[in-house]
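The values are calculated or read from the model by the stated rules, or taken from the named source; none is laboratory data. Remember, predicted model here, so these are calculated numbers, not experimental data. All Cβ positions, even for glycine, are placed from backbone atoms using ideal geometry, and neighbour counts span all protein chains on display. Side chains are part of the model used for accessible areas, which takes the heavy atoms of the whole protein and leaves out ligands, DNA and RNA. Shrake-Rupley method; radii C 1.70, N 1.55, O 1.52, S 1.80 Å.
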Amino acid sequence: MNTTVPRDIALLLARVGVGVVFLAHGLQKLDVWGYAGTKTAFAGMGAPVPGVSAFLATWVEILGGIALIAGLLTPIFAILLVADMIGAYFIAHIGNGIWISDGGYELVLGLGAAALVIAAVGAGRFSVDGVLGTRLPWTRRTVAVERERVTAA
């Protein structure tokens, strides 16, 4: 029996886990620190155009987290989250080593790598993208490959 169910369950769990962390970080910027606090923190880290950077990071993390959880427009939001983590690495973490306890990049690296994998392999069957199937350009090839694989087995 040839099935993608274990792979699809793994993708679902990975998407939800990573999405929750991104969503929590975005909501922290919005609800805990507020726009002014986030902008001030970004200015202190040397972020370019701190007001714009703070706004973009906040909303990419909130909307991207929700999108990963739902599996909606997954490759688009996953790539935006990878870009967000690249920015975080270069702006806030590059000079601090790997360990998060020292302000390092271990969380940024883990989240960025996970988002990159999700962007590359897609959301899986248990997602909005999966339900929409061949109606979305980024799912057409995946659906066709899976159909060929299952019929060949």
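With respect to the conditions (1) at positive phi; (2) open to solvent by 60 Å² or more (accessible area, probe 1.4 Å), ASP102 falls short on a single one, namely (1). Annotation note: of ALA120, ALA67, ALA113, ALA78, the sole residue that is closer than 30 Å to VAL5 by Cβ, without any contact (Cβ under 8 Å) to a residue 60 or more places away in the chain, open to solvent by 70 Å² or more (accessible area, probe 1.4 Å) and small (Gly, Ala, Ser) is ALA120. Within region 11-24, the set of residues being touching a residue at least 24 places away in the same chain (Cβ under 8 Å) and either open to solvent by 60 Å² or more (accessible area, probe 1.4 Å) or not in a helix (DSSP H, G or I) (or both) comprises just one member, VAL20.
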